[in-house]
Amino acid sequence: MALPKGYAFGIETITYRGWYRLDDGVKAVHSSAYSFSGYSYHVSTARSVYQGPMGGEYYGVHSSYNYTEHTRSPCGSETVTETIFYAADLIFVDNSQNANGWGFIGNKNVSSQLSQVYGFKWYEC
């Protein structure tokens, strides 16, 4: 994706979908993070937590990132791919409150495709 001349961007929101099933006392976490070249120590994150019991549900979440001036692209970049240093998802299940409990979370939609939509916020340089 080409960037408009004279603008920088940050990722303001993320929308993701998936499926989860959790026993009582089991929780699942889906978090997403990104940072830009030159600011690898400034990471913006969005996080969702699901608490069991949940008998098998699809989820759709629209989360906001916590961004600052350091979590936006550098001015003068021409494309998105040259600016992003790090982008990652972390998905896990925690049964520490119920050692015999079971849980699952996945970030694919009903058609088995990864589904994430990012909302950009533009800034004049």
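The values are calculated or read from the model by the stated rules, or taken from the named source; none is laboratory data. Bear in mind the structure is a predicted one, so any value in this text is a computation, not a measurement. So basically every Cβ, Gly included, is an ideal-geometry build from the backbone, and we count neighbours across all protein chains shown. Only protein heavy atoms, including side chains, enter the accessible area calculation; ligands, DNA and RNA are left aside. Shrake-Rupley method; radii C 1.70, N 1.55, O 1.52, S 1.80 Å.
Numbers for the structure displayed
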item: Residue in segment 71-92 that is modelled with the highest pLDDT, counting only those that are assigned to a strand (DSSP E or B) and not aromatic (Phe, Trp, Tyr); result: Ile91
item: Count - residues of segment 21-70 that are assigned to a strand (DSSP E or B) and at pLDDT below 90; result: 22
item: Evaluation of Phe104 against (1) at negative phi; (2) open to solvent by less than 80 Å² (accessible area, probe 1.4 Å); (3) at pLDDT 85 or above; (4) touching a Lys or Arg at 6+ places or on another chain (Cβ under 6 Å) (one fails), failing number; result: (2)
item: Residue check, Gly119 surrounded by fewer than 11 Cβ atoms within 10 Å (Cβ to Cβ), at pLDDT 75 or above, within 13 Å of the chain's Cα centre (by Cα) and not in a loop (DSSP other than H, G, I, E, B); result: no
item: Residue in segment 35-57 that is hydrophobic (A, V, I, L, M, F, W, C), open to solvent by less than 20 Å² (accessible area, probe 1.4 Å) and more than 15 Å from Asn107 (Cα to Cα) present; result: yes
